[in-house]
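The values are calculated or read from the model by the stated rules, or taken from the named source; none is laboratory data. On a predicted model such as this, the values are computed, not experimentally measured, just so you know. All Cβ positions, even for glycine, are placed from backbone atoms using ideal geometry, and neighbour counts span all protein chains on display. In case anyone asks, the SASA skips ligands and DNA or RNA and just uses the protein heavy atoms, side chains included. Shrake-Rupley method; radii C 1.70, N 1.55, O 1.52, S 1.80 Å.
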Number of protein chains: 4
Amino acid sequence: MEKKILLTDCPDAKGLIAKITNICFKHQLNITKNDEFVDREQGRFFMRTALEGNFNDATLLGDLDMALPQGAERRLVASGRKRLVLMVTREPHCLGDILMKCYAGALDVEIAAVIGNHPDLGALVEKFGIPFHHLSAEGVQRQQHEEQVIQLVDSYSPDYLILAKYMRVLTPGFVAQYRGRIINIHHSFLPAFIGAKPYQQAFERGVKIIGATAHFVTDDLDEGPIIEQDVIHVDHAYSADGMAAAGRDVEKSVLSRALQLVLQERVFIHGNKTVVFK
Amino acid sequence: MEKKILLTDCPDAKGLIAKITNICFKHQLNITKNDEFVDREQGRFFMRTALEGNFNDATLLGDLDMALPQGAERRLVASGRKRLVLMVTREPHCLGDILMKCYAGALDVEIAAVIGNHPDLGALVEKFGIPFHHLSAEGVQRQQHEEQVIQLVDSYSPDYLILAKYMRVLTPGFVAQYRGRIINIHHSFLPAFIGAKPYQQAFERGVKIIGATAHFVTDDLDEGPIIEQDVIHVDHAYSADGMAAAGRDVEKSVLSRALQLVLQERVFIHGNKTVVFK
Amino acid sequence: MEKKILLTDCPDAKGLIAKITNICFKHQLNITKNDEFVDREQGRFFMRTALEGNFNDATLLGDLDMALPQGAERRLVASGRKRLVLMVTREPHCLGDILMKCYAGALDVEIAAVIGNHPDLGALVEKFGIPFHHLSAEGVQRQQHEEQVIQLVDSYSPDYLILAKYMRVLTPGFVAQYRGRIINIHHSFLPAFIGAKPYQQAFERGVKIIGATAHFVTDDLDEGPIIEQDVIHVDHAYSADGMAAAGRDVEKSVLSRALQLVLQERVFIHGNKTVVFK
Amino acid sequence: MEKKILLTDCPDAKGLIAKITNICFKHQLNITKNDEFVDREQGRFFMRTALEGNFNDATLLGDLDMALPQGAERRLVASGRKRLVLMVTREPHCLGDILMKCYAGALDVEIAAVIGNHPDLGALVEKFGIPFHHLSAEGVQRQQHEEQVIQLVDSYSPDYLILAKYMRVLTPGFVAQYRGRIINIHHSFLPAFIGAKPYQQAFERGVKIIGATAHFVTDDLDEGPIIEQDVIHVDHAYSADGMAAAGRDVEKSVLSRALQLVLQERVFIHGNKTVVFK
């Protein structure tokens, strides 16, 4: 008995749930979990259907294509392991949490490689038997550096590229290579404190909460579709550095949760937003 | 165009989602939100289907009865206003929050009456033009008092009976009259601190969180199906009274949220647990 | 035995805690709770000292003035009831929570009056025997309207002016009349979503948290010192209106908590920030 | 300039803050943070004073001893690194979080060794260059096993013994060796679900929150002084295993926070409770 996930994203129409679940039933597939959402304003339908049974992918998808409205996107995903490439700079906490969760089997994913624009995290990565590549951006033109990164990333054919505190801005050219497949952790509760030094900004504003945001990367810095956010409470006694230290736990936990959601095929990108079936 | 909610609770079987949604489609009803859950261990299926359209209740339910397995329960509920009777003792915070939410239109419900075993909250209730009845339990036998309460409650034919800090234990005889229709707020994160004086117990144990639990009332004190729970953080500086004061906001918010969930037909009772579709 | 709170705000210097607590001891005052904070960057010292005993205010303050550095501010506050004027527009939830908490004795404060720029909330306020004044801003020049408000507010001599969802922007001229004494609730986790329609902005950005911020009002809209903030989680299924409905509970709770902190003399304004001793 | 922390725990008396801070001032020590708490019911005073300056420990403590009431305990602690021995069974998440935090410098502590009653976590520990000892409890008498553990622990002279998901109950004899120095993480929000399989218990009770509790170990299982607690929300869709998986993040974060609080000398044991200055 196999397990697969059917993801449907199409213009809204009457009877879609009935049609899709009927086709699954006809194929003798058991639905173990079904989630749907209709954006009525935009007339768009999203459904995630977790299925069990013996799959004939081609006929199943063929039947769906006949039933679904024009402009429908549908995918049938085997719940196999995805491959990641992680990009980092110097801070180990997000990287460390992902490494440890993979080691413990709590994230079912293969970390193909880690790329750092600084060498600092190489020793940690190598403890886990994972290749680490140091591609310095110093003294290299931005475009040339990104081309090196792209070449290296592509050599691993990852499903997703995870920016686990990668502290460089990516150009539209880079982002275009991996549309909808780059996930970043930003160390603020976006849209507050976009850009550099969010904890310093938070300290200066005197906020009573700090947070973190995991989002898909688009051309607009810190403006991509948000997957997951969380906050913790702080007070006047926190320096900017104290906020940064306290924020690390929420950063790593938000990134890990976002990653888990994406890996379990729970996240649809919908314009500049996400639909997330938890 | 009407709106109704179809609630299905039956033994699990293959194709249930397909069958039910198909019947809805056949009746030209639009599904605006569908939630389902299968308890695989116990082989039980739960589904809440929010529908829009023109309803022929008899034929719809007839079609469902033919499609659903033996032992199925299904209800088609018009999303009209429910009627409540509230029972209180002396503390105004939960009562006050419900009164204010109704006044503001945030809870779409009719409060038919409030019954207090003390007279203290009469003045507050009457500000809102709602009948208040003082039924003292002093100098009356427990059974006799409960019979008076039952008679009064029944004169209002409420859908639910809400114990908004009603500080008396109800007998099995009373509970049997309103099975699955009495909701209580207990001032601890159950199952911790069952019984009397939970804040005093929490103080003595030195816990770092306190909380509240809204649950259906069954014969076993504080053991009924839990609908909603939440906590807040406390520390060594809180006295038992300080915990009680701090806990009032979480009590009122947990009870209001539980009530909202029940009123929106989002809660199934499933043995000694609940299935809650948020 | 009286209870008072000593608030000290002065340039930092060695031995301040020793000096101040010594003077209290010399006056045979018992310290029941002491909190202090040093902003080392700015060299500023803040201390809140809760005292019990028999007070000779003049000699106590005289002794303190001799011991404290130049530029020190110190206040000895009897823990008596403060007077509030509330300003509202149409939404009842923040007003209602404050009214109910006062009624229940959970906020030890006198609500002298409520002023609305719309008449809608008059009936609610009057249930509680509190004067309500409708001062419409329609067809009146902004300055003239504010002068009417000031005149009315001043006739009540309140300690604080609480904007409990007052949906008009106040001019610098108005704010100058009540510097450090106007508290507003903004329906977002500032600095995100400054200005109008924060829930609409939050909906459009696709955030996964929404929140509320209580702050002192200064000339810069939504930029004053933050007293308290909190958030709740939302998802793709929330419309802007749904976010607004869900946000009301966090708005009212954040405003009530901020108000409680201010009333208990736990809040220092420190430039554009606050020091809050919880 | 050195930094030390003065911890005072004594019968309450008038003027204690003044006396202690005065002595510090006389010694030309700067107080960078002071926290105190009086348990008025039990007449006990607790103070944590963070100091900077040049210390003459003997004369400082001598001066304090003359000023403090009979029965006072006071300690002057250099803010140096503490030594830990960790005890584990099979689950890596709490261990992994502590290892990673130490590696990243986020926990300033020396992990002297890790002892496992199963061999599973040896490979992980050794990645970080820390000794791992497998002391199986199989086929050994309980007392004999504990004697082996004690001998091994003592060979490392740790300040604290951390039970990072050590799944065996310790005897009073063992606990007596390390009174107030053993910290355990229990996978429930105590006092709910004491004993074995708390997630299974939580699943069966149908709770809507699960949590974790870090506490000092005493002779009474899961009854020791609580240091830190937190919870997460769950729903009907979580199996007992799903709860366990979701709970791991809160377990590791509660244990790490408790450990940080203890290492920073913020925790007093007070009977069966703690006083924690955050």
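Worth pointing out:
- Residues being surrounded by 18 or more Cβ atoms within 10 Å (Cβ to Cβ), more than 9 Å from the chain's Cα centre (by Cα) and not charged (D, E, K, R) - total across the stretch D:237-255: 7
- Annotation note: of C:R181, C:R205, the sole residue that is under 21 Å from the mean Cα position of the chain (by Cα), at pLDDT 95 or above and at negative phi is C:R181.
- Scanning the stretch B:65-85 for residues that are small (G, A, S) and outside any loop (DSSP other than H, G, I, E, B) yields B:A67, B:A78.
- For the stretch C:94-138, filtering for residues that are among the β-branched types (V, I, T) and surrounded by fewer than 19 Cβ atoms within 10 Å (Cβ to Cβ) leaves 1.
- Which numbered condition B:Q200 misses (of (1) open to solvent by less than 30 Å² (accessible area, probe 1.4 Å); (2) within 23 Å of D:I194 (Cβ to Cβ); (3) touching a helix residue (DSSP H, G or I) at 6+ places or on another chain (Cβ under 7 Å)): (1)
- If you go through the stretch B:1-23 and keep only what is over 28 Å from the mean Cα position of the chain (by Cα) and not basic (K, R), you end up with B:M1, B:A13, B:G15, B:A18, B:N22, B:I23.
- Residues within the stretch B:40-52 that are assigned to a strand (DSSP E or B) and either out of contact with any helix residue (DSSP H, G or I) (no Cβ under 9 Å at 6 or more places or on another chain) or open to solvent by 60 Å² or more (accessible area, probe 1.4 Å) (or both), tallied: 5
- The single condition from (1) more than 30 Å from D:D12 (Cβ to Cβ); (2) touching a strand residue (DSSP E or B) at 6+ places or on another chain (Cβ under 9 Å); (3) aliphatic (A, V, I, L, M) that D:I269 fails is (1).
- Criterion applied to D:F55, D:F37 was being of a type in the set (F, W, Y), buried (at least 17 other Cβ atoms within 10 Å of the Cβ) and either part of a loop (DSSP other than H, G, I, E, B) or at pLDDT below 95 (or both), and the one residue passing it is D:F55.
- For the residues C:R90, C:R74, the requirement of being in contact (Cβ under 8 Å) with a residue 60 or more places away in the chain, touching a helix residue (DSSP H, G or I) at 6+ places or on another chain (Cβ under 8 Å), open to solvent by 50 Å² or more (accessible area, probe 1.4 Å) and more than 14 Å from chain D (Cβ to nearest Cβ) singles out C:R74.
- Counting only helices (runs of 4 or more DSSP H) wholly contained in the stretch A:86-202, the ones carrying 3 or more residues that are among the charged types (D, E, K, R) and not assigned by TED's automatic domain parsing to the domain that holds A:S239 occupy A:142-156.
- In the set (1) open to solvent by 30 Å² or more (accessible area, probe 1.4 Å); (2) aromatic (F, W, Y); (3) in contact with a helix residue (DSSP H, G or I) (Cβ under 9 Å, 6 or more places away or on another chain), D:Y156 fails one condition alone, (3).
- Counted residues, the stretch D:216-258 - those being assigned to a loop (DSSP other than H, G, I, E, B) and facing another protein chain (nearest Cβ under 9 Å): 6
- Yes/no for D:D222 being on the phi > 0 side of the Ramachandran plot and acidic (D, E): yes
- Positions within the stretch C:9-23 being within 7 Å of chain D (Cβ to nearest Cβ) and crowded, with 20+ Cβ neighbours inside 10 Å, in sequence order: C:I17, C:A18, C:T21, C:N22
- Condition met for B:V262 (crowded, with 23+ Cβ neighbours inside 10 Å and not in a loop (DSSP other than H, G, I, E, B)): yes
- Contact map, the stretch D:24-41: residues that are farther than 17 Å from C:N30 by Cα and facing chain C (nearest Cβ under 7 Å) paired with residues that are outside any strand (DSSP E or B) and open to solvent by 60 Å² or more (accessible area, probe 1.4 Å), Cβ distance under 6 Å, separation 6+ or inter-chain. Pairs shown: D:N30/C:K14.
- In the stretch D:203-215, the qualifying residues are those that are within 8 Å of another protein chain (Cβ to nearest Cβ) and among the charged types (D, E, K, R), and the one that is surrounded by the most Cβ atoms within 10 Å (Cβ to Cβ) is D:K208.
- Filter result for A:F189 (under 26 Å from D:E251 (Cα atoms), out of contact with any helix residue (DSSP H, G or I) (no Cβ under 7 Å at 6 or more places or on another chain), within 14 Å of chain C (Cβ to nearest Cβ) and not basic (K, R)): yes
- Checking the stated criteria, B:I232 turns out to be modelled with pLDDT of 95 or more, surrounded by fewer than 19 Cβ atoms within 10 Å (Cβ to Cβ) and either aliphatic (A, V, I, L, M) or outside the structural domain of B:R74 (by TED's automatic domain parsing) (or both).
- Looking only at residues of the stretch B:261-278 that are in contact (Cβ under 8 Å) with a residue 60 or more places away in the chain and under 18 Å from D:H233 (Cα atoms), we find that the one that is nearest to the other protein chains (Cβ to nearest Cβ) is B:V275.
- In the stretch A:49-69, the residues that are touching a residue at least 24 places away in the same chain (Cβ under 8 Å) reach residues that are of a type in the set (V, I, T) and open to solvent by 30 Å² or more (accessible area, probe 1.4 Å) with C-beta atoms within less than 6 angstrom, at least six apart or across chains, in these pairs: A:A50/A:T32; A:E52/A:T32.
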